[in-house]
Amino acid sequence: MSTFDAIVVGVGGMGSAALCHLARRGARVLGLEQFAVPHERGSSHGGSRVVREAYYEHPDYVPLLRRCRAHWTELEQASGLRLVHRVGALYAAAADHPLLAGALHSARTHGIPHEVLDGSALARRFAGFAFPEGHVGLFEPGAGFVRPEAAVQAHVAAALRAGARIETGTTVRAFSDRGGMVEVVTDRATFAARAVVLCPGAWAGRLLPRLGVPLRVTRQVVAWIEPRDRDAARAPAMPVWIAHDQEGLVYGIPEADGQPPPLGWKVALHELGAEVDPDGVDRTVRPAELARLETVVRRLVPAAAGPARAAGVCLYTNSPDGHFVIDRLPGHERVHVACGFSGHGFKFTPVVGELLADLALTGTSSLPAGFLGLRRFRQ
């Protein structure tokens, strides 16, 4: 039986980063992935993911996001790839809406550069949009988006250069503590390690019945719009944007140079879709689902409106409170878990990888992530 210092289960966004950090620290590390690396069956694909720091969800996330900046830069330098496009991010809603109020609170609390735009300034600055009456804006110039597939590949390449080993097409069946080690049983072989890091994404509920926290996996539809005016779908006319609409929260990501297929700008509703089994997801996007997004686009971004040229499905793994779960697995001293990223986790991948490497090698971390632990559910 092969033994390692650490085993990482799941080599998506979080797992690839953990694998990279562990290998760079000299650990003998194995990554286990049930599909390919990368793949389109989970939550680490889709061509682009938002990167921002004026975090409306909770200001305690901001120190972790700021640490990500250096990690993203280092990964770009090591890979020779441009991963992060800092085109700015626009938040638009009524002034008292949690999107605006939360983003403004985080920006002011942590000194994040930003501009507050009243209704008339918002209309002048972003003339291609047609936000509802009463909306105001907050613009964060340092925000943007990251290429998720390329980021996973860059983390994996760095890990392999540092000596990591990866087994794809390998499904973990069980794990157990055995005399100071953790045995991991897969459909191909059994491995052992001093520590195990679990990043199972949408399969967390199946692999972690002892977690004690219900995780809801939902089907999320995204579309890529063929704009009638291509300039209106690129920065600076279109930054990354998040807006409150009559349908709920909507977000968009502009076109940019070097974009992988599909082309067009990306739009989706940030809502809880239908609950699904991750192994039985219907990945066919129906005409009614596309029509809903196209209607939102015509209403909010008329200058960049057009038909959907492509669409896809990704998965959210939602915790009960919408915040991440990163902690030691109850009853397992040497097993650590990162899951429940609730549709807003990818931007954190480099720092989550660092945090998981800390936990696997030392059992603790100086990173300010205690608010993401399991204890909050027991209180």
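Bear in mind that the values in this text are calculations on the coordinates, not laboratory data. Just so you know, these numbers come straight off a predicted model, no measurement behind them. Here the Cβ is made from the backbone with ideal geometry for all residues, glycine too, and neighbour counts use every protein chain on show.
Summing charges over neighbours of Asp257, with a neighbour being any other residue whose Cβ is under 14 Å away from its Cβ, gives +3 when K and R count +1 and D and E count -1. Simple spin-label estimate for Arg206 and Arg66 gives 4.1 nm between the two label positions (7 Å along the Cα-to-Cβ direction from each Cα).
Once the Cβ-Cβ distance of Gln77 and Arg125 is raised to the sixth power relative to R0 = 35 Å, the FRET efficiency obtained is 0.60. Take every pair of alpha-carbon atoms less than 8 Å apart whose residues are at least six positions apart; their mean separation over the length of the range 1-89 yields a relative contact order of 20 percent.
Give, as ranges by residue number, the residues of the range 343-369 whose backbone N falls under 15 Å from the point 7 Å along Cα→Cβ of Gln379. Only 369 pass the distance filter.
Taking square-rooted eigenvalues a ≥ b ≥ c of the alpha carbon gyration tensor, is the range 12-62 rounded, prolate or oblate, where a/c under 1.5 means rounded and, failing that, a/b exceeding b/c means prolate? The shape class here is oblate. Amide H contacts of Val301 (H built 1.01 Å from N, in plane; Pro and chain starts excluded): Ala130 sit under 5 Å, all sequence-distant by 5 or more or on other chains.
Taken about its Cα centre, the chain carries a charge dipole of about 640 debye when Lys and Arg each add +1 at the Cβ and Asp and Glu each add -1 at the Cβ. With a ≥ b ≥ c taken as the square roots of the eigenvalues of the C-alpha gyration tensor of the range 308-379, please select rounded if a/c is under 1.5 and otherwise prolate if a/b is larger than b/c or oblate if it is not? It comes out prolate by the Cα gyration axes. Entry note, the chain: relative contact order of 24 percent, from Cα contacts under 8 Å with a spacing of 6+ residues.
Looking at the chain, send over the antiparallel percent of its DSSP beta bridges, to the nearest 5. Counting DSSP beta bridges with both partners in the chain, the antiparallel share is about 70 percent. Between Arg188 and Ser366, the FRET efficiency estimated from the beta carbon spacing at R0 = 45 angstrom works out to 0.75. For the range 194-263, trypsin sites (Lys or Arg not before Pro) meeting the loop criterion (DSSP other than H, G, I, E, B) and having at most 15 other Cβ atoms within 10 Å: Arg210, Arg228. Classified by the C-alpha gyration tensor, the chain has a prolate form. Its axis ratio a/c, with a ≥ b ≥ c, is 1.5 or above, and a/b is larger than b/c. If you average the sequence gap of Cα pairs under 8 Å that are 6 or more apart and divide by the length of the range 185-303, what percent do you get for the contact order? About 26 percent, as a whole number. Of Pro132, Pro260, Leu83, which is farthest on the positive side of the dipole of the chain, counting Cα position, with +1 on Lys and Arg Cβ, -1 on Asp and Glu Cβ, and the Cα centre as origin? Of the listed residues, the answer is Leu83.
The gain in end-to-end length when the Ala235 to Thr284 segment is fully stretched comes to 14.6 nm, 0.36 nm per residue minus the alpha carbon separation.
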